[in-house]
Amino acid sequence: MHSETDHTPAPLERQAQWLQAYRPGLRVHEQGRVVSVGDGVAWISGLPAAAMDEILTLGDGSQAMVCDLTEERIGAVILRDGQGITAGAAVQRSGRFMSLPVSDALLGRVIDPLGAPLDGGAEPARTRWQPLEAGSPPIMARDFVHRPLYTGIKIIDTMIPIGKGQRQLIVGDEGLGRSSLALDAVINQRGRDVYCIYVMIGQKRSTVVNTIATLREFDALQYTTLVVAEASSLPGLQHLAPFAGCALGEFWMRQGRDVLVVYDDLSTHAKTYRELSLLLRRPPGREAYPGDIFSVHARLLERATCLNAAHGGGTMTALPIVETQLGEIAAYIPTNLISITDGQIYLDQELFAGGFRPAIDIGRSVSRIGGQAQHPRIKEEAGHMKLDYLQFQELEVFTRFGARLEASMEALINRGRILRELLKQDRLAPLPPAFQLGWLVAFNEGLVNSAEPGAVAAFLAALQALLEHSALSLDSPRADWVAALRELLENASEAAPPP
Ligand SMILES: Nc1ncnc2c1ncn2[C@@H]1O[C@H](COP(=O)(O)OP(=O)(O)O)[C@@H](O)[C@H]1O
Ligand SMILES: [Mg+2]
């Protein structure tokens, strides 16, 4: 009306305009009610427009996530327990989906899957909210895994190498050292500019406390975040824990950083998800797990990748851990995870009992893509050594029957025994790549052939001491390595007292 004039309408006039334009309409405000509650799950009526995975706020300040939608009612998993939820309590939609407040301030912190601090510290600062459920990076944004991620473990870095952006499963019975391997890998990232996330799902508080203490002792907490949902936490939180860890990893990966995420462990996660699904009355499938457990784990692990340069070149390496019963890798959850990941490290009960630690079964462990990222020198030397080892394992079976062997076989077996000693490694003692090359060259050159198995530990210690002040590196010529190792072994045999 006043479009051609430049005078602004007086307040009264403006009110009149507003009244003229006003159209009365319905403003819908949905309110639901809790019908029943128990075991970490609430059944709710009302809220016809609620969406799957949406966060609901309950009257007492509790929070729940929609996990089951039917026409009559909603099944929601409780995430935060307020004053105590009762039947009849009011429920409101939040219109939001699960997300984690993330920032660099999370380094060195222990948080729950919703981002609340568990270490008694202040609320960590937040740069942004990172969604817990997100699509995995598209194929066009991905690159081949091409840079090594060193775990510091002899067997892994030489024969089952892991590349940045790889998903490598650690599988084995309880108590065989799965968590120890993952923890070693985290500790070994000190000074390597890799941010680590250690997700603990459904573990005892004492284990959580020990893990934090170990990380602190080895100066690894400064570049690590722990995402913890203990055994006593709400099942909904335990279910979200790996997704929270993954979301934080994604935040850093998108900034072009290298990230290592450990999921300890996904068997417990699968069991929690089974428990929730049964409570939500979903039909059980194989081993009573819900039919979508495969897709839940695939969605999680597909988000770990190596981004290409156009997308910042960040990487997220995932080390999921899974438990077997009596070494049965054909069980439902282990086979699922083996098929989703890029390889597995298999820990064996018999090896562990026989004193071979880390108890990695080299014959049954594989890394399908890590070889491309391995340093060519280590790759070459390790190839020879692995053949020797597998051959030795076959031959050793014969010696158990007390069969007489030819002298050449005897020599091979002796060499194998020395190799087995070389491969043993204590936990919390990760070793640098140059060290790996050193012992590989010594073994392949036959420099340690005449050593007694008992003398191997002394050789390894001497090698470690040598590398502390020597200029030998992965790029030094092989001849230099051989000369230095020869000298080292000669000095050692001179120093040893005569028998
Ligand atoms: N390389 C190793 N050398 C000696 N002992 C080890 C080694 N790795 C693990 N262990 C021991 O094995 C036990 C179980 O280890 P842990 O990592 O907790 O197993 P898991 O996570 O598979 O249950 C621990 O007592 C640990 O000290
Ligand atoms: Mg463990």
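Readers should treat all values here as calculations from the given coordinates under stated rules, not as data from a laboratory. In this text the structure is predicted, and so the values were computed from the model without any measurement. When we count neighbours, we look across all protein chains shown, and the Cβ atoms used for this are built from the backbone with ideal geometry, even at glycine.
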Notebook entry, point to check: Taking the mean number of other Cβ atoms within 10 Å as a proxy for protection, how do you rank 244-256, 76-88, 436-448 from highest to lowest?
Noted result: 244-256, 436-448, 76-88
Note to self: Order these by the 10 Å Cβ neighbour count, fewest first: HIS384, HIS297.
What the structure shows: HIS384, HIS297
Note to self: Sort PHE97, PHE398 by Cβ crowding within 10 Å, fewest neighbours at the top.
What the structure shows: PHE398, PHE97
Check: What order do you get for ASP219, ASP68, ASP264 when you list them from fewest to most C-beta neighbours inside 10 Å?
Finding: ASP219, ASP68, ASP264
Next item on the list: Kindly list the residues of region 262-276 that lie in the label zone of GLU328, defined by a backbone N under 16 Å from the point 7 Å along the Cα-to-C-beta vector.
Entry: 267-268, 271
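Per residue of the chain, what 222 nm ellipticity follows from adding -39500 (n - 2.57) for every DSSP H run with n ≥ 4, rounded to the nearest 500? Please report the intermediate quantities before stating the final value.
Working: 14 runs with 183 residues, N = 499.
Calculated at 222 nm, the ellipticity per residue is -11500 deg cm²/dmol.
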Check: Quick one: if you stick a label point 7 Å off each Cα along the C-beta vector at GLN222 and ALA51, how many nm between them?
Finding: 4.3
Checklist line | Sites ASN449 and LEU474 - FRET efficiency at Förster radius 22 Å, r taken between beta-carbons, to 0.05 | finding: 0.35
Next item on the list: Please label the shape of region 100-374 as rounded, prolate or oblate, based on the square roots a ≥ b ≥ c of the eigenvalues of the alpha-carbon gyration tensor (a/c under 1.5 means rounded; beyond that, a/b larger than b/c means prolate, else oblate).
Entry: rounded
Next item on the list: Take peptides 175-185, 346-356 and line them up by average Cβ neighbours within 10 Å, highest first, as a rough protection proxy.
Entry: 175-185, 346-356
Checklist line | Estimated inter-spin distance, GLU380 and ARG23, nm [label 7 Å along Cα→Cβ] | finding: 7.8
Check: If you wrap a convex hull around the C-alpha atoms of region 22-104 and split its volume per residue, what is the figure in Å³?
Finding: 136
Check: Alpha carbon centre of region 420-499 versus region 73-88: separation in Å?
Finding: 61
Notebook entry, point to check: Given charges of +1 on the Cβ of Lys and Arg and -1 on the Cβ of Asp and Glu, with all other atoms neutral, how large is the dipole of the chain about its Cα centre, in debye to the nearest 20?
Noted result: 760
Item checked: Simple Cβ-charge dipole of region 100-374, Lys/Arg +1 and Asp/Glu -1, about Cα centre, in debye nearest 20 -> 500
Item checked: Pair ARG254, ARG286: separation of 7 Å Cα→Cβ label points (nm) -> 3.5
Item checked: Cα lying deepest toward the dipole's positive end in region 68-124, options ALA90, GLY75, LEU107, charges on Cβ -> ALA90
Checklist line | region 242-282-region 377-410 distance, computed between alpha-carbon centres (Å) | finding: 41
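What are the GluC sites (Glu not before Pro) within region 17-125 that DSSP puts in a loop, where the Cβ has at most 12 other Cβ atoms within 10 Å?
Sparse-neighbourhood loop GluC sites (Glu not before Pro): GLU30, GLU71, GLU72.
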Next item on the list: Enumerate the amide H contacts of ARG96 below 5 Å, restricted to partners 5 or more residues apart or on another chain; note that Pro and chain-start residues carry no placed amide H.
Entry: ILE55
Next item on the list: Starting from the Cα gyration tensor of region 1-152, take the square roots of the eigenvalues, sort them a ≥ b ≥ c, and report rounded, prolate or oblate (rounded when a/c is under 1.5, otherwise prolate if a/b is larger than b/c, else oblate).
Entry: oblate
